[in-house]
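J.: Take this structure first; my questions come after.
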Amino acid sequence: MNSDGQPMRQTAPWPVEISQHHSAHPPDRTVAVEAAALNKWFGSFHALKDINLAVPQGSRIVICGPSGSGKSTLIRCANGLETFQGGTIRIGGAELTGDEKQLQKIRRTVGMVFQQFNLFPHLTVMANCTLALRRVLGKSRSEAVGIAVHYLERVRIPEQAHKYPAQLSGGQQQRVAIARALCMNPRIMLFDEPTSSLDPEMVKEVLDVMIDLAADGMTMLCVTHEMGFAREAADQVVFMDQGRIVETASPATFFAAPSQERTRLFLNKMLR
């Protein structure tokens, strides 16, 4: 018992250093993201409980569930933005450890789009998109601008290139955030409730861009409450509750015949 009278828990220290040659099975490089027996605590709160998830390359996974179920924590762990105290995560076969150089290398293959856009307000759209290309990848100005223009066209806002974020709508800012992530040529895209802070009329323009990415075969993990997007774009839907994966199914099965009562209760509320 600790000084507060609470039971002590045993956790592995961060970082969990489990080298690939000591792992229970060799890395499968056809799997883009793999979590095995993943556990995460925030103090005494057990946020992720024995999570096992394998995401094949080219697949689109929607993660849904009630607030506080661990959805965002899971994908933040996959990008090294959150540490974890047990289990393993592999990205493209490479295991996340405490090695900073390896983490930076892995992050270059993973794009992430957040709820709040996270654009630099003092930089134009073009500068937001070219900053990492020039400073991280060492691209020339002309090459970086060419890449940025390509992806701004891809998200349908090339005409906004010389504006500042404050001059754009929320939907346009989120599309800039997607373009910025795509500029780094990631193999995997992570979306953390990308439409939750948008006005309803702006949601569709962002989801349309994401649907286009899905159609092109981009590996995607998307935390969202947009069930229409899950029906249209996902290969698999993962339902989480209280830090656990409750159910994983194809969209057709998930929406028509979920196997778990907790899933059915969630869908009854979401699809009213």
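The values are calculated or read from the model by the stated rules, or taken from the named source; none is laboratory data. In this text the structure is predicted, and so the values were computed from the model without any measurement. Virtual Cβ from ideal backbone geometry, glycine too; neighbours counted across all protein chains shown. SASA here: full protein model, heavy atoms, side chains in, ligands and nucleic acids out. Shrake-Rupley method; radii C 1.70, N 1.55, O 1.52, S 1.80 Å.
J.: Of everything in the range 248-272 that's out of contact with any Cys (no Cβ under 8 Å at 6 or more places or on another chain) and among the aromatic types (Phe, Trp, Tyr), which residue is least open to solvent (accessible area, probe 1.4 Å)?
T.: So the residue we want is Phe254.
J.: Taking into account only those residues within the range 104-132 that are in a helix (DSSP H, G or I) and under 27 Å from Arg90 (Cβ atoms), which is least open to solvent (accessible area, probe 1.4 Å)? Write out each step before concluding.
T.: Of the range 104-132, the ones in a helix (DSSP H, G or I) are 104-107, 125-132.
If we keep only those that are under 27 Å from Arg90 (Cβ atoms) as well, we get 104-107, 132.
Details: Gln104: 77, Lys105: 150, Ile106: 14, Arg107: 67, Ala132: 37 Å².
So the residue we want is Ile106.
To keep it simple, each residue is scored yes or no on (1) open to solvent by 10 Å² or more (accessible area, probe 1.4 Å); (2) small (Gly, Ala, Ser); (3) in a strand (DSSP E or B).
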site: Ser196; (1), (2), (3): yes, yes, no
site: Val203; (1), (2), (3): yes, no, no
site: Val206; (1), (2), (3): no, no, no
site: Met210; (1), (2), (3): no, no, no
site: Leu221; (1), (2), (3): no, no, yes
site: Val246; (1), (2), (3): yes, no, yes
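J.: Another question, then. If I ask for residues that are under 23 Å from the mean Cα position of the chain (by Cα) and in a loop (DSSP other than H, G, I, E, B), which ones from the range 158-194 would you list?
T.: Matches in the range 158-194: Ser169, Met184, Asn185, Pro186, Arg187, Glu193, Pro194.
J.: Next question. Looking at the range 209-222, can you tell me whether even one residue there is under 15 Å from the mean Cα position of the chain (by Cα) and closer than 20 Å to Gly68 by Cα?
T.: yes
J.: Search the range 82-103 for residues being open to solvent by 20 Å² or more (accessible area, probe 1.4 Å) and in a loop (DSSP other than H, G, I, E, B), and hand back the single one that is farthest from Ile188 (Cα to Cα).
T.: Checked the range 82-103; the qualifying residue farthest from Ile188 (Cα to Cα) is Gln85.
J.: Another one. Does Ile106 qualify as being among the β-branched types (Val, Ile, Thr) and modelled with pLDDT under 95?
T.: Considered against the rule, which asks whether it is among the β-branched types (Val, Ile, Thr) and modelled with pLDDT under 95, Ile106 comes out as yes.
J.: Looking at this structure, is Pro158 over 30 Å from Pro56 (Cα atoms), surrounded by fewer than 21 Cβ atoms within 10 Å (Cβ to Cβ) and at pLDDT 95 or above?
T.: Answer is yes for this residue.
J.: Looking only at residues in the range 52-81 that are open to solvent by 40 Å² or more (accessible area, probe 1.4 Å) and not in a strand (DSSP E or B), which one is farthest from Lys40 (Cα to Cα)?
T.: First, pick out the residues of the range 52-81 that are open to solvent by 40 Å² or more (accessible area, probe 1.4 Å): 52, 54, 56-57, 60, 67-68, 76, 81.
Among the residues that remain, those that are also not in a strand (DSSP E or B) are: 57, 67-68, 76, 81.
Values: Gln57: 25, Ser67: 17, Gly68: 13, Arg76: 11, Leu81: 12 Å.
Selected residue: Gln57.
Matching residues to (1) over 26 Å from Ser59 (Cα atoms); (2) surrounded by fewer than 19 Cβ atoms within 10 Å (Cβ to Cβ); (3) touching a Gly at 6+ places or on another chain (Cβ under 6 Å):
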site: Leu168; (1), (2), (3): yes, yes, no
site: Asn185; (1), (2), (3): no, yes, no
site: Leu190; (1), (2), (3): no, no, no
site: Pro200; (1), (2), (3): yes, yes, no
site: Ala214; (1), (2), (3): no, no, no
site: Gly217; (1), (2), (3): no, yes, yes
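J.: Something else now. Just one of (1) among the acidic types (Asp, Glu); (2) in contact with an Asp or Glu (Cβ under 8 Å, 6 or more places away or on another chain); (3) in a loop (DSSP other than H, G, I, E, B) trips up Glu34, so point out which.
T.: (3)
J.: So for the range 228-244 (the condition being among the β-branched types (Val, Ile, Thr) and surrounded by 22 or more Cβ atoms within 10 Å (Cβ to Cβ)), does at least one residue qualify?
T.: The answer is yes; a qualifying residue exists.
J.: Any residue at all in the range 110-130 that's on the phi < 0 side of the Ramachandran plot and free of Cβ contacts under 8 Å to residues at least 12 places away in the same chain? Give the steps one after another, and end with the answer.
T.: At the first step, the residues of the range 110-130 found to be on the phi < 0 side of the Ramachandran plot are 110-116, 119-130.
Within this subset, residues satisfying the condition of being free of Cβ contacts under 8 Å to residues at least 12 places away in the same chain are 127.
Checked the range 110-130: at least one residue is on the phi < 0 side of the Ramachandran plot and free of Cβ contacts under 8 Å to residues at least 12 places away in the same chain.
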